Amino acid sequence: MEKYLEDRAQARAAVEIIYQLIKSKKEAEEKAKFFNVDLPVLTETVLKEVPADEYFSYAKALKELFDSFAIIDEFDNMLIVDCFNIIKICLQKYNRFGNKELPYSSDFEELLNHFYSIMEDLYYYEIFGFFSTTVHPEDIPELNLPCKVFCGCTSGWEKELYLENDGSVSYENVIRFSDPLTNALFCMTIGTKPRVLENREKCSLTDEQIDIIKNFVRFNKGIILLHSAGIIDSPTFHAALRVKANPVSYVPKYRIVYTYVQYPGNSDTVIPSKKYYVDLDDMTYEEAVKDYAQLKEELQQSLKAGKEDCDVKDFDIQRLDE
């Protein structure tokens, strides 16, 4: 009986600990959601140049809210992404449109940098490394890459928010690359005309080196999209890049061939893509055909994560002899 009571007490204590952890996590997530609403509001009030006393009371409350939940493992991964993106956009808005002569300008800038530095650490620890594949220059020498390149291996990772000239927020599908001198990360859009989203002057790479990365994106766009959709894993992604860079030394098991069409905005215009193909060996041709519907749907979802509506067309899985 005594042993039973002891075991029961230990079980209750364990349940209580789990309950408190769940409760703490839910509270942190709720606080993060409030923060994601309140920070843009505070930013807009600063842009409207409100009186100092109104700013300081709001800013103090917001900092206390942030510091109460921005702890690793305390809230959901996707909320980390949301917080990071919202802070980044508010910082861009202030830098571009804010009056730097206000009596509280330096305080607000310090506050934004405080939010950004903490959430950046959380984002790169919790999200970035787990959902990206790194291509080192030495991995595939034929590519002649000037630095490390990071490609998302899950749908959604590749989306990058940025501020338009009119202050509106847009996003692009991107790869990221690391400045070899500063290790700062820059985003390059995945498209027919790749471009760097951040301030070009802050990157130490030459224009010729940037062009090499642009050519990497153009030449391997089909492979990058399949990888971001989760259709091909990291080893297969590297293998597909090697095949494309040096096709005579490798015999694939099957090939995925596809095109897609874009519907920009609300117009009736339809923009067809060129034909993309990726040679793969992660499964047999028969296994790939069995997963045909799933592979096509995953690619469709990845394309729809982009800025424009897209529909996959002419999706085909071919044998080597085809």
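The values are calculated or read from the model by the stated rules, or taken from the named source; none is laboratory data. All of these numbers come straight from a predicted model, not from anything done at the bench. Cβ sites come from the backbone with ideal geometry, for glycine too, and all protein chains shown count toward neighbours. Surface areas here come from the heavy atoms of the whole protein model, side chains and all, with no ligands, DNA or RNA. Shrake-Rupley method; radii C 1.70, N 1.55, O 1.52, S 1.80 Å.
If you stretched the chain out fully between residue 47 and residue 263, how much longer would it get, using 0.36 nm times the residue separation minus the C-alpha to C-alpha distance?
Gain in length upon complete extension: 74.3 nm.
Simple spin-label model, 7 Å along Cα-to-Cβ: residue 120 to residue 168 in nm?
2.9
Taking just the C-alpha trace of segment 47-143, give me its Rg and Dmax in Å.
Over segment 47-143's Cα set, Rg and Dmax evaluate to 17.4, 60 Å.
In percent, how large is the relative contact order of segment 106-247, given Cα pairs closer than 8 Å and 6 or more residues apart?
Value for segment 106-247: 20 percent.
Can you give the relative contact order of the chain as a percent, counting alpha carbon pairs under 8 Å and 6+ residues apart?
12
Please work out the FRET efficiency for the pair residue 318 and residue 139, using the Cβ-Cβ distance as r and a Förster radius of 35 Å; give the result to the nearest 0.05.
Efficiency at R0 = 35 Å is approximately 0.85.
How far apart, in nanometres, would the label points at residue 67 and residue 297 be if each is projected 7 angstrom from Cα along the Cα-to-Cβ direction?
Rounded to a tenth, the inter-label distance reads 4.8 nm.
Quick one, can you get me the convex hull of the C-alpha atoms of segment 191-305 expressed as volume per residue in Å³?
139
In square angstrom, what is the accessible area per residue of segment 159-232 with a 1.4 angstrom probe?
Counting only protein heavy atoms, the per-residue value for segment 159-232 is 45 Å².
Order 161-171, 121-131 from most to least packed using the mean count of other Cβ atoms within 10 Å.
Per-residue mean Cβ counts within 10 Å order the peptides as 121-131, 161-171.
Report the extension gain between residue 207 and residue 95 in nm, rounded to one decimal, defined as 0.36 nm multiplied by the number of residues separating them, less their alpha carbon distance.
37.8 nm
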